[in-house]
Amino acid sequence: MNTKAAPRRPRGVTALAVFFAAGAVISGVSGMSLLTPGGMLDPLWRLNPRAEAAFGAMGGWAPVLLGAVCAACATAAIGLWRLRGWGRWVAIGLLVTNLLGDTANAALGTEPQAAAGIPVVIVLLIYLARPAVRAAFRPV
C-alpha cells in the first residue's frame, strides 16, 4: 500500500491551470465561430473586431491555428492540474511564445498595448521556475 501523500498543488499552479483552461475554451469557441460564419457565435466578435479582421485575413488557416492553440492550452491546463512535469513545460512553452509575440507586437508598433503583457508573462515564468513550484511537479 502506498502511504505517500499526493503533492499539494500550489495555488498559483491552480490559477494557471484555470487560466489555460479558459484559453482553451476561448480559442476553441473562436475557431468554431470562424468555421460557422453568420452563426450564433458571430456576436462574440463584437468583443474584439480587430481580431476578427485579422483572423479573416488568414483565411482557412485561422481555425487551424485556433485549434492548435486550443489543444496546447488544454494540454497545459491538464498537465498543470495533474502536476505533471510535461504540463509545466507546455505552459512554459506557451508563455514564452506569448512573450515573443507581445515583444514583437510592441516593438513593431502593431499592437502597442501588448507591452503590458510582457511583465506579466515574465512574472509567471519566474513563478514556474521557483524551486518550491518545480518540486510540486512529478518528473517529466
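Rule-based calculations on the coordinates, nothing more; no lab input. Predicted model only: the values in this text are computed from it and were never measured. Here the Cβ positions follow ideal geometry from the backbone for every residue, glycine too, while neighbour counts run over all protein chains shown.
A compact table of results
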| quantity | calculated |
| --- | --- |
| The chain: DSSP helices with Cα axial extent of at least 15 Å and average Kyte-Doolittle hydropathy no lower than 0.0 | 11-35, 61-81, 85-108, 117-129 |
| Cα centroid separation, segment 77-92 to segment 105-140 (Å) | 15 |
| Among 116-124, 71-79, the order from most to least packed when residues are scored by Cβ within 10 Å on average | 71-79, 116-124 |
| Net charge over other residues, Cβ less than 15 angstrom from the Cβ of I118 (K, R count +1; D, E count -1) | -2 |
| Label-point gap, in nm, between L100 and A53 - each point 7 angstrom along Cα→Cβ | 2.7 |
| Relative contact order [Cα under 8 Å, 6+ residues apart], the chain, whole percent | 27 |
| Within the chain, longest stretch free of exposed trypsin sites (Lys or Arg not before Pro) [DSSP loop, at most 10 other beta carbons within 10 Å] | 9-140 |
| Estimated dipole of the chain in Debye, rounded to 20 [Cβ of Lys and Arg +1, of Asp and Glu -1, Cα centre] | 980 |
| Charge dipole of the chain about the Cα centre (unit charges at C-beta), most positive-ward option of A57, I26, L124 | L124 |
| Amide proton proximity set for R84, modelled H, under 5 Å, gap of 5+ | R138 |
| Within-14-Å neighbourhood charge of A77 [Cβ basis; K, R +1; D, E -1] | +4 |
| Net +/- balance of residues flanking F19 in space, Cβ distance below 15 Å, scoring K and R +1, D and E -1 | +3 |
| Label assignment, Cα Rg over 2.2 N^0.38 Å derived from the structure, set (1) 1.03; (2) 1.20; (3) 1.32 | (2) |
| Charge-dipole axis of segment 38-103 as Lys and Arg at +1 and Asp and Glu at -1 on Cβ define it, positive-most pick from L66, A91, L41 | A91 |
